[in-house]
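A quick write-up on the structure given underneath.
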Ligand SMILES: Nc1ncnc2c1ncn2[C@@H]1O[C@H](COP(=O)(O)OP(=O)(O)OP(=O)(O)O)[C@@H](O)[C@H]1O
Ligand SMILES: [Mg+2]
């Protein structure tokens, strides 16, 4: 996957919600695209439609009009089952509220998704450990969410999203519940997913401190894109340079994905995998 390749493109998106007897138009003919290897930030005031936009791009919420092409597939023309499979295979999600299962350890949170994808129990265990190590949680693998700090919980959510090696990574306010230091750790991990592994990272944020990590900033207001600019990269001087594109710095997370008979039918329902 080339780093300048378009990962996702949307054209003419409209989304309306019914409120009482009237409708509000939340997306008003939005055109959007994002590239592999880029951190694309979506910013704008509360209620401007940022979460709605990301939900339509990530196949969680059907737009009323318009087309979304992700990884060369017209996602809203896929059957429900194929769309679920697409999300399971290619999309990582990171939300403000972590969305972790209270009863599961950090390792189990990651393993469960990998098992859905068709990995054997042993492979899932190994890959989960690799992903948690990558986000610096090797000493916390057997802890449950109640025993983890907010920053650690968000890192578990990131490990869960990255373990499946997503080509599209959607984050909605991933740092808003975190202090500055933890917020920076999180955004650097997202940036690494883009720079090292070529994911298209689409991140909704209110946090102006994160702008320094963006390759591109799209400003949404009242359901329309007001500005779309590429940044001059002064970001993250402490980050290591990305390896050559042929390098596989995370081989254990990059091995060919097996597909068991069960994975052909596995479905994540309408919630993000
Ligand atoms: N399911 C829904 N039903 C009705 N209205 C909705 C629904 N989801 C969102 N809205 C409305 O759509 C508008 C945009 O919501 P959205 O969540 O996309 O905003 P946002 O830019 O993400 O805001 P914030 O920064 O506060 O998260 C809001 O006015 C919201 O009330
Ligand atoms: Mg929102």
Filter region 41-60 for residues that are out of contact with any strand residue (DSSP E or B) (no Cβ under 6 Å at 6 or more places or on another chain) and over 15 Å from residue 169 (Cα atoms); the one that is farthest from ligand 1 (Cβ to nearest atom) is 45
Looking at (1) closer than 21 Å to residue 183 by Cα; (2) crowded, with 24+ Cβ neighbours inside 10 Å, which is the only condition residue 128 fails? (1)
Residue in region 85-100 that is surrounded by fewer than 20 Cβ atoms within 10 Å (Cβ to Cβ) and more than 17 Å from the chain's Cα centre (by Cα) present: no
Looking only at residues that are out of contact with any strand residue (DSSP E or B) (no Cβ under 8 Å at 6 or more places or on another chain) and over 18 Å from residue 44 (Cβ atoms) in region 188-208, which one is surrounded by the fewest Cβ atoms within 10 Å (Cβ to Cβ)? 188
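Test of understanding: among 211, 173, 181, which residue is surrounded by fewer than 20 Cβ atoms within 10 Å (Cβ to Cβ) and on the phi > 0 side of the Ramachandran plot?
Numbers: 211 fails: on the phi > 0 side of the Ramachandran plot; 181 fails: on the phi > 0 side of the Ramachandran plot.
Checking each option against the conditions leaves just 173.
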Cross-chain or 6+ apart pairs with Cβ under 6 Å, region 41-61 first and closer than 14 Å to residue 217 by Cβ and more than 9 Å from ligand 2 (Cβ to nearest atom), then assigned to a loop (DSSP other than H, G, I, E, B) and at pLDDT below 95: 41/205
From the options 75, 113, 94, residue that is closer than 23 Å to residue 175 by Cα and touching a strand residue (DSSP E or B) at 6+ places or on another chain (Cβ under 9 Å): 94
Among (1) touching a strand residue (DSSP E or B) at 6+ places or on another chain (Cβ under 9 Å); (2) more than 20 Å from residue 198 (Cβ to Cβ); (3) within 16 Å of ligand 2 (Cβ to nearest atom), where does residue 64 come up short? (3)
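The values are calculated or read from the model by the stated rules, or taken from the named source; none is laboratory data. The structure presented is a predicted model; accordingly, all values stated were derived computationally and were not measured. Neighbour counts are summed over all protein chains in view; Cβ atoms, including those assigned to glycine, are modelled from backbone coordinates with ideal geometry.
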